[in-house]
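This report concerns only the one structure given below.
The values are calculated or read from the model by the stated rules, or taken from the named source; none is laboratory data. A quick note: this is a predicted structure, and the numbers were derived from the prediction, not measured. Backbone-built Cβ (ideal geometry, glycine too); neighbour counts: all protein chains shown.
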């Protein structure tokens, strides 16, 4: 894949890449330890599912959002990009109220910032929408809004140690 950008877009890309390098290295280290066929993808900055789909040519249902919720303990939820997490289903799974984490809380509990939250190297529970396992390949973030990982859903589950559950609005 060729990354074509004008000079201003390139400057912004490099600035984002420099700021997020430690997080990218963290995600890549987890992938290397797992010895999978996963591929790291570098693409123009994407902070939304729509931008990620446009920048990578992947359908939104194969883009994986890693969302953080606050319950009794924080929990990360991997969800297909074309849907959202059902808070009611999540509350039933967590036996109590949940709320979406604020940006500062996401950073505090994951080390990643919104737009680049990777499911790799997290020290909180991770749930995975079970419908992701039906895809041939998926793309979660790799620690930055300019990087992603092309990976099989089963490898994603294994590497992240996620529990597959029915948690999305369908």
*asked:* Just checking, does the stretch 133-142 include any residue being in contact with a strand residue (DSSP E or B) (Cβ under 7 Å, 6 or more places away or on another chain), part of a helix (DSSP H, G or I) and buried (at least 17 other Cβ atoms within 10 Å of the Cβ)?
replied: no
_Matching residues in the stretch 159-170 - criterion: being surrounded by fewer than 18 Cβ atoms within 10 Å (Cβ to Cβ), touching a helix residue (DSSP H, G or I) at 6+ places or on another chain (Cβ under 9 Å) and at pLDDT 95 or above_ = 163, 164, 165, 166
_For residue 155: the one exception among (1) part of a loop (DSSP other than H, G, I, E, B); (2) within 16 Å of residue 33 (Cβ to Cβ); (3) in contact (Cβ under 8 Å) with a residue 40 or more places away in the chain_ = (1)
*Give just the number: which of (1) in a loop (DSSP other than H, G, I, E, B); (2) buried (at least 18 other Cβ atoms within 10 Å of the Cβ) does residue 82 not satisfy?*
(2)
*Of all residues in the stretch 91-119, how many are under 22 Å from residue 164 (Cα atoms), in a helix (DSSP H, G or I) and over 15 Å from the mean Cα position of the chain (by Cα)?*
4
*Selection from the stretch 58-79 of residues that are part of a loop (DSSP other than H, G, I, E, B), out of contact with any helix residue (DSSP H, G or I) (no Cβ under 6 Å at 6 or more places or on another chain), touching a residue at least 24 places away in the same chain (Cβ under 8 Å) and under 27 Å from residue 154 (Cβ atoms)*: 58, 73
